Structure formats: C-alpha cells, structure tokens
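Only one structure is covered here, and it is reproduced in the block below.
Read the figures in this text as sums done on the coordinates, not as results from a lab. Bear in mind the structure is a predicted one, so any value in this text is a computation, not a measurement. Virtual Cβ from ideal backbone geometry, glycine too; neighbours counted across all protein chains shown.
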C-alpha cells in the first residue's frame, strides 16, 4: 500500500511539473495588454515572424478595425434575432422575413468586404512572402469559414 501511495505521489508530482513547464513555455513572451490585444495578436506576431515595427503597425490597424468589426457583429446579431423572432411567431411567410434575410445577407457581405480590406492592410505590413501566406489563410477562412465567430454569436 505504501509503494502505491509513493508511486501515486510521484505520478502527481511529475504531472504537476510537466504542466508547470508547459504553461511557462506557452505563456513566455505573452504580455497581455489591458484590452487583451496581445492575447489576440500574439499568435500573429509569432506565426508571421513580425518585427517590432511591423507588429506596431498591425496593432494600430487592429485597434482601428476593432470597433468596425464590433458594429458589423452587433448589426448582424440584431437582424438575426429579429429574423428568428419572425420565423418563430409567424405560421406563414411574410415580406418582413424576406426583408430581414436580405438585410442579413447585405450586412454579411459588407462585413466580408471590410474584413478582406483589413486583411490586405495587415498583409501590407508584413514581408511579401509572409503577407501572401497570411492572405491565403484569411481568404480561406473568409470563403469557407465563419470570419469572426459572428454566426455562432448570432445563435
């Protein structure tokens, strides 16, 4: 029984040590600003090997784009909720539901165009090779995925 407890204590100690080392390595170099920006952009800095000057430019673009993105999300979520309410509360098709669907598509299109422009602006801050790689990633996400988690937030 004593051997089992010693073995168990050893396993727990090794696990805790491994976690501490992993956590320290994962968090090294991550300085989270009060607005959480570095938490959002730290991966970009590492993945695309940004110099401090490039990172500062991207950070400025990010701060400028954040309220624009938030506005699109707010508008999209509002129209999505309105459409959900219309579809739940009406047993027949209404022109109001059709207008809400059109408005939702319009907002989504504006958001995608705005996000793509932002991505091109960010890519312009990078080296040409890294900028192309970044744009390829963003275009794929934009065309195949959910650009900003917008659709999940609308549910």
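Among 126, 137, rank each residue by its count of other Cβ atoms within 10 Å, from fewest to most, as a rough exposure measure. Kindly include the intermediate steps, with their values, before the conclusion.
Working: 126 22, 137 14.
Final ranking by Cβ density, sparse to dense: 137, 126.
What do you get for Rg/Rh of segment 67-139 when both radii come from the Cα atoms and Rh is the Kirkwood radius? Please report the intermediate quantities before stating the final value.
Working: Rg = 17.1 Å, Rh = 14.2 Å.
Computed over Cα atoms, the ratio is 1.21.
Working out 0.36 nm times the residue gap between residue 121 and residue 43, then minus their Cα-Cα distance, what length gain in nm do you get to one decimal? All intermediate terms of the calculation are to be shown ahead of the outcome.
On the way: separation 78, 0.36 × 78 = 28.08 nm, distance 1.77 nm.
That pair, residue 121 and residue 43, stretches by 26.3 nm at full extension.
Annotation: the residues 92, 51, sorted from fewest to most other C-beta atoms within 10 Å of their own C-beta, follow the order 92, 51. The three principal axes of the C-alpha atoms in segment 32-153 carry coordinate ranges of 57, 31, 18 Å, sorted with the longest axis first.
Shown for 65, 120: other C-beta atoms within 10 Å of each C-beta, ranked fewest to most, produce the order 120, 65.
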